[in-house]
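Student: Handing you a structure now.
The values are calculated or read from the model by the stated rules, or taken from the named source; none is laboratory data. Source: prediction; values computed, not measured. FYI the Cβ positions are ideal-geometry reconstructions off the backbone, even for glycines, and counts take in every protein chain you see.
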């Protein structure tokens, strides 16, 4: 297998865009996500966040994603990272939204937004 593998933890927005609106991803991000040498991960907290926001009416277009979430992730070759007790305790002791704290408890680089709203990659 030789060669290095890059690993990325995608936040909820990035996962939604990969699954439903790939054109919203930047030109810099798309090739990285398509590389076979990149391992893509999503926290199980993202599924919780998508379902919660959908229930609240904040993501009305998420029906198709919710209906086949695991199948969509497999097709996109994105692996789910479960939330362990250790992650939950770490997230519970941090500031920010519950979903963001849960996602952020995994120490992998990820695509996110910087303070100006631009999508960037950086360590977490």
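Student: Any idea which of 14, 45 is in contact with a strand residue (DSSP E or B) (Cβ under 7 Å, 6 or more places away or on another chain), in contact (Cβ under 8 Å) with a residue 24 or more places away in the chain and under 19 Å from residue 83 (Cβ atoms)?
Tutor: Among 14, 45, only 14 is in contact with a strand residue (DSSP E or B) (Cβ under 7 Å, 6 or more places away or on another chain), in contact (Cβ under 8 Å) with a residue 24 or more places away in the chain and under 19 Å from residue 83 (Cβ atoms).
Student: Among the residues of region 21-39, write down those that are more than 19 Å from residue 67 (Cα to Cα) and in a loop (DSSP other than H, G, I, E, B).
Tutor: Of everything in region 21-39, those that are more than 19 Å from residue 67 (Cα to Cα) and in a loop (DSSP other than H, G, I, E, B) turn out to be 25, 26, 27, 28, 35, 36, 37.
Student: List the helices (runs of 4 or more DSSP H) inside region 40-124, counting only whole elements, that have at least 1 residues being surrounded by fewer than 18 Cβ atoms within 10 Å (Cβ to Cβ) and modelled with pLDDT under 90.
Tutor: Ranges flagged: 44-55, 63-67, 85-92, 98-104.
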